[in-house]
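*Asks:* I have a structure here, written as structure tokens, and I will follow up with some questions on it.
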Amino acid sequence: MKQLYDRYAPALYGICLRYSHSDEDAKDWFQDGFIKVFENLNKLHDHESLYAWMRSIFINTALSALRPVKNNMEIQMDNDEIDSMADFYPTSEHFDRLDVNIILDAIQKLTPALRLVFNLCEIDGLSFSEAAEVAGVSESTVRANLARAKQQLSKDLEKYLK
């Protein structure tokens, strides 16, 4: 258990931190996630997929804690409004120039609903439909919230991107 913890703790804590709004929440989710991992380790059949299995447990732990956020994330925008926000999106080349802590701070400043969708789509790589299913909202809500999240991140990171 100690070896497992030592090897994966930094990456898994990072997941908790990305989804949380505070260090206290991230630490709680981190602890809860490892408890779930250790309680269910006997259920893991493919040891080669250990990290992916653990990662999904930690993401689901965070999402369970965010359930009230998921219930209040309906933001309606039409497709033209979403498309018009494309001008605000920084490219990956911009982000490559920034320190990871600056980016993480900007992500944590997003509202919980925007942070949730940004993490699901942009960091965890879920499609709009997959993120909508996880968040329990419509695909258009995911698109709208992601557009707003990117817009807010662009504004917050603008001073670092110049």
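Coordinate-derived values only; no laboratory data. Keep in mind it's a predicted model, so treat the numbers as computed, not measured. With ideal geometry, Cβ positions are generated from the backbone for all residues, glycine too; neighbour counts draw on all protein chains shown.
*Asks:* From the phi of every residue in segment 102-119, what ³J(HN,Hα) in whole Hz does the Karplus formula 6.51 cos²θ - 1.76 cosθ + 1.60 yield, where θ is phi - 60° and glycine or proline is x?
*Replies:* Per-residue couplings from phi come out as 5, 5, 4, 4, 5, 5, 5, 7, 5, 4, x, 5, 5, 4, 4, 5, 4, 4 Hz.
*Asks:* Using the beta-carbon distance between Ser64 and Lys159 and R0 = 35 Å, what value does 1/(1 + (r/R0)^6) give for FRET efficiency, to the nearest 0.05?
*Replies:* Efficiency, rounded to the nearest 0.05: 0.50.
*Asks:* Right, here's the next one. Would you mind putting 56-65, 36-45, 109-118, 123-132 in packing order, based on average other-beta-carbon counts within 10 Å, highest first?
*Replies:* Ranking the peptides 56-65, 36-45, 109-118, 123-132 by packing returns 109-118, 56-65, 123-132, 36-45.
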